[in-house]
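Trainee: Sharing a structure, written as C-alpha cells. Questions coming.
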Amino acid sequence: MSECLKSKLVNTRKHHVCFGCGREIPSGSQAFCETWVDDTINTTYLCLVCESFASTVLEYGDEYSEHSLPECDPELWECRRIEIEEGDKMNKRLMKKTKERCKQFLVENGWKHDVDNDDGDYESYYKTTHPIVDIGNDEIVFVDNNGDFLHLPVNYYALIGGLIECQMIDMGYKSV
Ligand SMILES: [Zn+2]
C-alpha cells in the first residue's frame, strides 16, 4: 500500500493531468500536489474537485486506480465539480462586475486611471490632492504620501463608505 507523505495546495507552474479524473490541470491554476511513497517516491496532482471529492468519499487507506476516482460515485463527483468550478466562475464574474462598478464610480467622481502605475495586481486611480485608490482583485487600498492607510474589501458600498469616512467625497457624490 502506498502512503501519502504530503499533500499541499499549490499554484501549478506547468500543466499537469489530474491523477483522480484525468482532466487537464492548466498551468497557473490551483491543485493539490501529493507525494506518495511505496517502493519509490511519486508525485501526483489532484484537481480541486477530486481533492474535495476524495476527502468525503474515501477512507484512510482506500486506493483507486489512475483517472478512475469519479467512478466511486459519479453523481457526487459531478455535484462537487459544479459547486467548485461553476461557483468559482460565477464568483469571478460577480467580482469583475463589482470591480468595474468601483472603477466607474471613481472616474465619475473625478479620479483618473493611472495606466502607467498598473502593476498587474492593482489598478491605480488618482485625483489631485487626494490619496490614491488602488483596486485589486482582493482588496481596495487607499494610499497617501505615508503609504497605505486603508484596506477595504472589493465592494461598491465599502468603497463609498471609505471615501466618505476619509472625506475624499462629499454627500453630493455621483452614484453609478
Ligand atoms: Zn480531478
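Coordinate-derived values only; no laboratory data. No experiment lies behind these values; they were computed from the predicted model shown. Here Cβ is always computed from backbone atoms with ideal geometry, including for glycine, and neighbour counts include all displayed protein chains.
Trainee: Residue by residue through segment 48-63, note down the ones that are away from the ligand (no atom under 13 Å from the Cβ) and of a type in the set (Phe, Trp, Tyr).
Mentor: If the condition is that a residue be away from the ligand (no atom under 13 Å from the Cβ) and of a type in the set (Phe, Trp, Tyr), then 60 is the only one that fits.
Trainee: Which number in (1) within 20 Å of the chain's Cα centre (by Cα); (2) closer than 24 Å to residue 75 by Cα marks the one condition that residue 13 misses?
Mentor: With respect to (1) within 20 Å of the chain's Cα centre (by Cα); (2) closer than 24 Å to residue 75 by Cα, residue 13 is out only on (2).
Trainee: Could I ask something else about it? Considering only segment 95-141, how many residues are surrounded by fewer than 17 Cβ atoms within 10 Å (Cβ to Cβ), touching a strand residue (DSSP E or B) at 6+ places or on another chain (Cβ under 8 Å) and farther than 20 Å from residue 165 by Cα?
Mentor: Final tally of qualifying residues: 7.
Trainee: Could you please give the count of residues in segment 34-61 that are assigned to a strand (DSSP E or B) and exposed (fewer than 15 other Cβ atoms within 10 Å of the Cβ)?
Mentor: Looking only at segment 34-61, we keep the residues that are assigned to a strand (DSSP E or B), and these are 34-37, 41-46.
From what's left, exposed (fewer than 15 other Cβ atoms within 10 Å of the Cβ): 35, 37, 41-43.
So the count comes out to 5.
Trainee: Can you report the number of residues in segment 67-76 which are under 21 Å from residue 8 (Cβ atoms) and away from the ligand (no atom under 11 Å from the Cβ)?
Mentor: The total comes to 0.
Trainee: Continuing with the same structure: Filter segment 1-20 for residues that are within 16 Å of the ligand (Cβ to nearest atom) and part of a loop (DSSP other than H, G, I, E, B); which is surrounded by the fewest Cβ atoms within 10 Å (Cβ to Cβ)?
Mentor: Applying the filter and picking the extreme gives 15.
Trainee: Moving on to the next point. Given the conditions (1) under 19 Å from residue 87 (Cα atoms); (2) away from the ligand (no atom under 12 Å from the Cβ), which single one is not true for residue 23?
Mentor: Answer for residue 23: the failing condition is (2).
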